[in-house]
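Reviewing the structure listed below.
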Amino acid sequence: MAPGERSGPAADIVIVNWNTGRHLADCLRSIVRTDRSLLRVARIVVVDNASTDRSCADLSTPGIPLTVVRNSRNRGFAAACNQGAAHGDGDFLLFLNPDTELYPDTLRAVGRFLATPAARGAGICGGRMVDARGRPAISCSRAPTLRVFFGKATGLDRLAPALFPPHHLRPAELTASRPVDQVIGAFFLLRRALFDRLGGFDERYFLYFEEADLARRAGQQGRGSYYVHEARVHHIGQVSSAQLGGGRLRHSLCSRTQYAFRHWPRSHARLLVALTLTVELAARLVTCALRANASDVRATLAGYRGYLRWLRTAGGGLRQPGRRPGTTAPRPPTPTTESAEDTLHAHR
């Protein structure tokens, strides 16, 4: 136990890993060292999506039970999160990126917030992301809308932010704790009962926008998202996704289109697809050309080729495939060739 740890609300921490090298071990060490006096850590669950870099070798979390789930293929972020959530029964679930590190007071700040009246109406909460120098990083976002994406694609979010608000909230908008549309998935805490009631993350999202989708569904049940300014989290960012090249762009475009067809009027979703294939593609290629970066051009074209293939495959079935949200999240599966489970109980 951490110094001063006592009984109180408990959280299971779920970390989805894919080739993050030393960062996963650094993340686990930061959890062990943080003050858990106001929010206990019942269990840490690491779900490894078929890493090849030995980042899951020799993991240790003294004083905290650790479960490692090793998938034989990359099942995607949303599905892996649901896998991890099924391996615990804490009051809360904290989905934490492996390229984050907690400060000594991070969980104490969250635990203090959970005891306030504001927490009773909040369904999801997140912390203040900072870089290695303590400077603000992206912590919260506005709900995705056609106006937001049009502004981002055309640069109008910088030229006329009052008309086309930026997707991500700026540091000047996050100087104190407050309700927000969405906190980013790098540090994403919610009550287990709410997660189960929502059916967990929608596994139709392989990567990106799964937390936006969950936040929207939680908000529709009167459980909004809340930003906790005092809960600092060091977030490196894109350690895994940077390895995908054009695949990162493809996943982003596919997932936001999924989101649009699930939550927007169908006419708006179709306009987003048109915007993506015309104005946004042209803007991306012009930016690459101005930077004289041939590798970015290749990655952009590869990402769009993948997006076009996905559009042809998805067709009119964008609303149907996959496990639907709103059902109970699955319990741990019996190990198969797709998933081998190792449970490691750390020394107490």
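Computed values, structure above
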quantity: The stretch 189-222: number of residues that are in contact with a helix residue (DSSP H, G or I) (Cβ under 8 Å, 6 or more places away or on another chain) and farther than 25 Å from residue 36 by Cα; calculated: 19
quantity: Residue 142 vs. criteria surrounded by 16 or more Cβ atoms within 10 Å (Cβ to Cβ), touching a strand residue (DSSP E or B) at 6+ places or on another chain (Cβ under 7 Å) and within 21 Å of residue 181 (Cα to Cα); calculated: no
quantity: Residues located in the stretch 5-28, provided they are open to solvent by 10 Å² or more (accessible area, probe 1.4 Å) and either touching a residue at least 40 places away in the same chain (Cβ under 8 Å) or hydrophobic (A, V, I, L, M, F, W, C) (or both); calculated: 8, 9, 16, 18, 19, 21, 23, 25, 26
quantity: Selected residue (criterion: surrounded by the most Cβ atoms within 10 Å (Cβ to Cβ)) from residues of the stretch 115-139 that are small (Gly, Ala, Ser) and part of a helix (DSSP H, G or I); calculated: 119
quantity: Qualifying residues in the stretch 232-265 (those that are open to solvent by 20 Å² or more (accessible area, probe 1.4 Å), within 20 Å of residue 187 (Cα to Cα) and hydrophobic (A, V, I, L, M, F, W, C)) - the one modelled with the lowest pLDDT; calculated: 242
quantity: Criterion (in contact (Cβ under 8 Å) with a residue 60 or more places away in the chain and either over 24 Å from residue 111 (Cα atoms) or aromatic (Phe, Trp, Tyr) (or both)) met by exactly one of 76, 90, 84; calculated: 76
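Rundown of residues vs (1) of a type in the set (S, T, N, Q); (2) open to solvent by less than 30 Å² (accessible area, probe 1.4 Å), yes/no style:
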residue: 44; (1), (2): no, yes
residue: 58; (1), (2): no, no
residue: 73; (1), (2): no, no
residue: 82; (1), (2): yes, yes
residue: 90; (1), (2): no, yes
residue: 98; (1), (2): no, yes
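The values are calculated or read from the model by the stated rules, or taken from the named source; none is laboratory data. These numbers come from a predicted model, not from an experiment. As a convention, Cβ positions derive from the backbone with ideal geometry for all residues, glycine included, and neighbour counts pool all protein chains shown. Areas reflect the complete protein model, heavy atoms only, side chains present, ligands, DNA and RNA absent. Shrake-Rupley method; radii C 1.70, N 1.55, O 1.52, S 1.80 Å.
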